[in-house]
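First the structure, in the form of structure tokens, and then the observations on it.
The numbers here are math on the coordinates, done by the rules we state, and not lab data. A quick note: this is a predicted structure, and the numbers were derived from the prediction, not measured. All Cβ positions, even for glycine, are placed from backbone atoms using ideal geometry, and neighbour counts span all protein chains on display.
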Amino acid sequence: MSGAASWSFGEDDASRIQLVLDQLLREADARTALIVDRTGQMLATRGEEPTFDPVAFASLTAADFSANDQLARMLGETEFGALFHQGDRESLYLADVARRVILVVLFDNRTTLGLVKLRVRGVVESLSELFTEMFERRDRPAPRVEAGFVGDAEDEIDKLFG
Amino acid sequence: MSLINYASREINCKLVYYGPGLGGKTTNLEYIYEKVAPAAKGKMISLATETERTLFFDFLPVDLGTIRGFKTRFHLYTVPGQVYYNASRKLILKGVDGVVFVADSQIERI
């Protein structure tokens with residue numbers, strides 16, 4: 001289990017991730033690229049706006065990848081670095097990034113699995129460097145949310161149940 | 001491990017309902033789902049067996065709205081209670097911020 005420390009990323013990080021994903025989408029002719037963290041949270045979406053619920057999608061993606069990691073270990077592999085789910089019209093290619101996040105590429109018949117795999121391989125390296133740097137930063141003091149945040153959050157929780 | 005996304009101004013926290021089988025973890029989540037206003041909740045996902053025992057997890061996102069400029073959301077999960085689902089239980093606990101322990105307090109169930 002990973003530690004309980006929070007981690008954060010800012011607008012600079014988001015811009016750098018977006019540039020990498022935009023390039024991937026152009027070169028692979030894919031529809032949408034998403035970054036999901038291993039705990040099931042959506043970090044970034046580029047390309048065509050997804051028609052599905054992104055929160056639920058992120059949760060299921062992390063679970064999918066984690067379950068397949070366990071299957072890999074049963075076979076004596078350290079991990080499955082990538083997964084492919086093929087549909088009639090739409091397919092998903094998922095790739096591990098530095099054991100920290102998952103890159104998901106949604107594509108259709110406009111492109112091929114081979115091209116997507118090829119382009120993802122290059123992008124995973126750039127993203128790995130980015131995320132490794134971001135997680136190393138986690139040990140330094142992060143900018144904090146405004147004072148009073150916890151009190152306001154408690155008020156909102158009370159309101160949830162009327 | 002809560003995630004603070006300064007780019008999209010979002011904070012996400014992960015809470016896991018944990019405890020022995022048939023203790024009411026999924027029922028807790030279903031109750032919250034019923035009580036929370038539609039605008040504040042997302043789709044509830046249950047990966048369960050045909051007999052409705054939790055196989056992998058139940059998942060419910062709850063939106064607290066915008067607090068001090070940050071869109072704040074809780075991700076509520078349950079784990080399967082049965083001992084033989086140990087592997088999936090560990091996966092769900094990855095990156096957890098808080099745990100709610102649920103057990104049946106009936107004397108014959110303790």
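Listed values, structure above:
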{"quantity": "Residues of segment B:24-45 that turn out to be within 8 Å of chain A (Cβ to nearest Cβ) and touching a Phe, Trp or Tyr at 6+ places or on another chain (Cβ under 6 Å), as a count", "calculated": "2"}
{"quantity": "Test result for B:Gly21, of a type outside the set (S, T, N, Q), surrounded by fewer than 19 Cβ atoms within 10 Å (Cβ to Cβ) and part of a strand (DSSP E or B)", "calculated": "no"}
{"quantity": "Of residues in segment A:14-34 being polar (S, T, N, Q) and in contact with a helix residue (DSSP H, G or I) (Cβ under 8 Å, 6 or more places away or on another chain), the one nearest to A:Pro54 (Cα to Cα)", "calculated": "A:Thr32"}
{"quantity": "Elements of type strands (runs of 3 or more DSSP E) in segment A:47-162, at least 1 residues being more than 10 Å from chain B (Cβ to nearest Cβ), among the small types (Gly, Ala, Ser) and without any contact (Cβ under 8 Å) to a residue 60 or more places away in the chain", "calculated": "A:82-86, A:91-97"}
{"quantity": "Any hit, segment A:27-43, residues being in a strand (DSSP E or B), without any contact (Cβ under 8 Å) to a residue 60 or more places away in the chain and within 8 Å of chain B (Cβ to nearest Cβ)", "calculated": "yes"}
